[in-house]
Structure formats: structure tokens, C-alpha cells
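Below: the structure, in C-alpha cells.
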Ligand SMILES: [Zn+2]
Ligand SMILES: [Zn+2]
């Protein structure tokens, strides 16, 4: 494993949530000033191929990278822009049981409010 890849891996494993390539790049640059954005992208692609991390493609912003390999969905918060993990098991089984299809992978794009923004919203309504 190259030093660059080790560093990128460490950043993703030590950071809560879902980072974009730009965010990973700025963390990496702080520790390794010579690292290039292209290097970050290349290593992220390799790590996704090797199933060390997951790439989340959303319609609402840049791709994010996720250290959590346990199957889960993502809610994009309209309030703060964060991606929030949602565990919603059984969809693959449901789809496969309904027809003759086989599901290899899927991504759901759910939009709404995260717990923090939802609580704020509710407070405003009550007042
Ligand atoms: Zn939010
Ligand atoms: Zn996630």
C-alpha cells in the first residue's frame, strides 16, 4: 500500500460521516503537502474497487465516501446538506422475491431532514 493510500484510508476511517473528495484532499494536504488531487481521486477509486470504502453518488452534490460497508441507505438533509445513514434492510430481498430479477447493488436517494434539522423545524411549528 502506498503512503498516499494509507493516509487517505486513515482520514476516512477517523472521520465521522461522509466526506467528499475535496474534503479528503484538504485533510490529506495538511499532513502531506505534496499530495495532488488526482492522486486522491485515483486512490479513492481503487479503494472503492477493493471494497474498502463505499462511494455514494447523489444528485444533490459531490460524491461522498463512506467507511461503513454494512448495507445502509442515505438521507440527504435539505436543512444542513449532511448525509445521514438510514438502516432499512430487506429491500434487496423484497425486490428479488417479487420477480425474477437479481439485485447486485442499488442506491436510494432519499431527501428530507436529519434529526437535528427536523427537531428545529418542529420547534418552529409549535411556536
Ligand atoms: Zn440537517
Ligand atoms: Zn453512510
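Each reported figure results from applying straightforward, stated rules to the coordinates on display, with no laboratory input. If you're wondering where the values come from, they're calculated on a predicted model, not measured in any experiment. Reconstructed Cβ throughout: ideal geometry from the backbone, glycine too, with neighbour counts over all protein chains shown.
Which whole-number percentage describes the relative contact order of the chain, with Cα contacts under 8 Å and a sequence gap of 6 or more?
Here the relative contact order equals 20 percent.
Using the basic label-point model (7 angstrom from Cα toward the beta carbon), what is the residue 120 to residue 80 distance in nanometres?
It works out to 0.8 nm between the two label points.
For the Cα atoms of the chain, what angle does the longest principal axis make with the long axis of helix 3-14, in degrees from 0 to 90, nearest 10?
Helix 3-14 sits roughly 30 degrees off the main axis of the chain.
Where in the range 79-113 is the amide nitrogen less than 19 Å from a point lying 7 Å along the Cα-to-Cβ axis of residue 22?
Correct set: 79-84.
Any chance you could tell me what percent of the C-alpha pair distances in the range 1-68 go past 16 Å?
It works out to 38 percent of all Cα pairs.
What percent does the relative contact order of the range 1-68 come to when contacts are Cα pairs within less than 8 Å and at least six residues apart?
37 percent
Does the chain come out rounded, prolate or oblate by the C-alpha gyration tensor, with a ≥ b ≥ c the root eigenvalues, rounded set by a/c under 1.5 and, if not, prolate when a/b is larger than b/c and oblate if not?
The shape class here is oblate.
Rounded to the nearest 5, what % of the DSSP beta bridges within the chain are antiparallel ones?
Looking only at bridges with both residues in the chain, the antiparallel portion is about 70 percent.
If each of residue 93 and residue 29 carries a label point 7 Å out from its Cα toward its Cβ, how far apart are those two points in nm?
4.6 nm
With the Cα gyration tensor of the range 70-127 in hand, convert its eigenvalues to equivalent ellipsoid semi-axes via √(5λ) and list them largest first in whole Å.
32, 11, 8
May I ask for the angle, rounded to the nearest 10°, between helix 37-49 and the longest principal axis of the chain, with both axes built from Cα atoms and the value confined to 0 to 90°?
The angle comes out at about 60 degrees.
Summing -39500 (n - 2.57) over the DSSP H runs of n ≥ 4 in the chain and dividing by its residue number, what mean residue ellipticity at 222 nm do you reach, to the nearest 500 deg cm²/dmol?
After summing the helix terms and dividing by the residues of the chain, the value is -13500 deg cm²/dmol.
Assuming R0 = 22 Å, what is the FRET efficiency of residue 46 and residue 110, from their Cβ-Cβ distance, to the nearest 0.05?
0.20
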